[in-house]
Ligand SMILES: Cc1cc2nc3c(=O)[nH]c(=O)nc-3n(C[C@H](O)[C@H](O)[C@H](O)COP(=O)(O)OP(=O)(O)OC[C@H]3O[C@@H](n4cnc5c(N)ncnc54)[C@H](O)[C@@H]3O)c2cc1C
């Protein structure tokens, strides 16, 4: 059992944001604990991004891991590369941090501030509220053995499990065919000359069109609806600013969910790089698009035979394909995450359309108190902070949470010169780490 002031349940990007912000404002490292079984704070995101072949972030320069926002990521990169190009792009809002560069910064912050020493490599199974002798939480592992106590808890457990359309989920149970059906976020290889169906037209699917075409395979893009929305980021840029968040928070819960449903549905990036690859694929007769849904599937000469039905015109019928890649993403229901489901069951927490109903500070109603906070981050929080599941959104929530904890604890805050020195020294180390990476190509 370890007693800490703050515990983060989950050990991804969100945990690093809470940890670095807490150290920056003046919490001692031994007042903090991070629970989860990932190797590092960047491992979960890095795994998904690697499987997807993501090379640059969708977000801009303000999304990064130093505790304070200045220098921006474009400034750090310009310093690292000794080139004004990132600044020029950023002024025109056309700068996207490279994945290796942003991970190099995150790992620098993680190592320098000792995240690893405060990481308890175990998943949390249960969180229980205790009021005696002072309000706090007790954390248990998945075998219900006690792990630790904390006055304040941030729940940053990331996404739920990956989703598959029903027929494909059933086929994944068949050991002979299972590995021919993968998620965009899972590891995969494309056989040159093979024929792959890519389901969906969101960012993950668009990446897979390009990955398969680049490997010399053929792509059939399968869409349920003829007209997906075209948009660069899932969340409109105006919501990355305080004004946008305030406007969003003024909506009722149902309106917020409806709004999210609209902006999160099948968005696709307008990326010159991807479009050129797809155009080349079309010219070489290696890219095709069909409207419909797979309703039957069996083994076939190319690996799989799929039947595609359609509600929007003539059905494409039976096709021979090598494999199917689903860009269908993650289960959005909070109840698919075991530790959340148990909290909901045990404390009767309000849930609507699979989403936790939260307080405007991302607190869990009934359990969150000013003197002992229970706050959620990431996708779980996007009914309150629409871009909660982005680096900028995680930072926004982490700052509010840490500020509340520091007020509750009457923390003696780190003085301005010390904060400034810490930020500058972290920035210097981050620049050296970025310089050691290969420069990522901007793709717009
Ligand atoms: C492919 C991809 C591309 C993205 N691109 C961008 C982008 O360009 N720009 C941007 O701003 N954002 C982007 N994001 C979104 C966002 O930055 C990430 O989703 C971010 O990793 C979310 O941080 P998190 O801490 O909430 O979750 P994660 O980083 O997913 O970490 C959650 C961690 O919690 C652990 N965990 C789960 N349950 C428990 C438990 N019970 N106990 C302990 N640990 C637990 C998990 O194993 C995991 O390690 C992208 C996300 C993905 C997947």
**Prompt:** By what distance, in whole Å, do the Cα atoms of the range 287-444 stretch along each of the three principal axes, largest value first?
**Reply:** 69, 50, 26
**Asked** Of 139, 394, 416, which has the largest mean-square fluctuation in a 10 Å C-alpha GNM of the chain?
**Response** 416
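How long are the semi-axes of the equivalent ellipsoid of the range 95-189, defined as square roots of 5 times the Cα gyration tensor eigenvalues? Whole Å, largest first.
Numbers: eigenvalues 243, 126, 29 Å².
So the three semi-axes of the range 95-189 are 35, 25, 12 Å.
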**Prompt:** Based on the Kirkwood radius over alpha-carbon pairs, what is the Stokes-Einstein translational diffusion coefficient of the range 10-69 at 25 °C with 0.890 mPa s viscosity, in µm²/s?
**Reply:** 189 µm²/s
**Item:** Part-to-part distance (alpha-carbon centres) for the range 398-444 and the range 90-106, which is given in Å
**Value:** 16 Å
**Request:** Would you mind giving the three semi-axes, in whole Å and largest first, of the ellipsoid equivalent to the range 313-387 according to its Cα gyration tensor?
**Result:** 37, 13, 11
**Asked** Across 10 Å bins from 0, what is the distribution of all Cα-Cα pair distances for the range 357-444, in whole percents?
**Response** 15, 29, 30, 20, 6
**Prompt:** Any idea how far the Cα center of the range 347-367 sits from the one of the range 1-28, in Å?
**Reply:** 22 Å
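Could you compute how fast the chain diffuses translationally, taking Rh as the Kirkwood radius over C-alpha pairs and applying Stokes-Einstein at 25 °C with viscosity 0.890 mPa s? Give it in µm² per second. Walk me through the numbers before you get to the answer.
Details: Rh = 23.2 Å.
Answer from the Stokes-Einstein relation: 106 µm²/s.
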**Message:** Averaging the inverse of every distinct alpha carbon separation and then flipping it gives the Kirkwood radius. What is it for the range 284-333, in angstrom units?
**Reply:** 12.4 Å
**Along principal axes, Cα extents of the range 34-175, largest first, whole Å** = 55, 50, 23
**Dimensionless Rg/Rh of the range 29-104 - Kirkwood Rh, Rg from C-alpha atoms** = 1.04
**Prompt:** Top mean-square fluctuation among 54, 130, 143, Gaussian network model of the chain, C-alpha springs under 10 Å?
**Reply:** 143
**Fill in**
Quotient of Cα radius of gyration and Kirkwood radius for the range 139-214, i.e. Rg/Rh, equals 1.17
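Which of 377, 422 comes first, and how do the rest follow, when ranked by fewest Cβ neighbours within 10 Å? Kindly include the intermediate steps, with their values, before the conclusion.
Numbers: 377 32, 422 19.
Taking fewest neighbouring Cβ atoms as first place, the list is 422, 377.
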**Request:** Return the calculated 222 nm mean residue ellipticity for the chain, to the nearest 500 deg cm²/dmol, obtained by summing -39500 (n - 2.57) across DSSP H runs with n ≥ 4 and dividing by the residue count.
**Result:** -10500 deg cm²/dmol
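Read-outs: derived from the displayed coordinates by stated rules, not from any lab. All of these numbers come straight from a predicted model, not from anything done at the bench. Ideal geometry is used to build each Cβ from the backbone, glycine not excepted, and the neighbour counts take in all protein chains shown.
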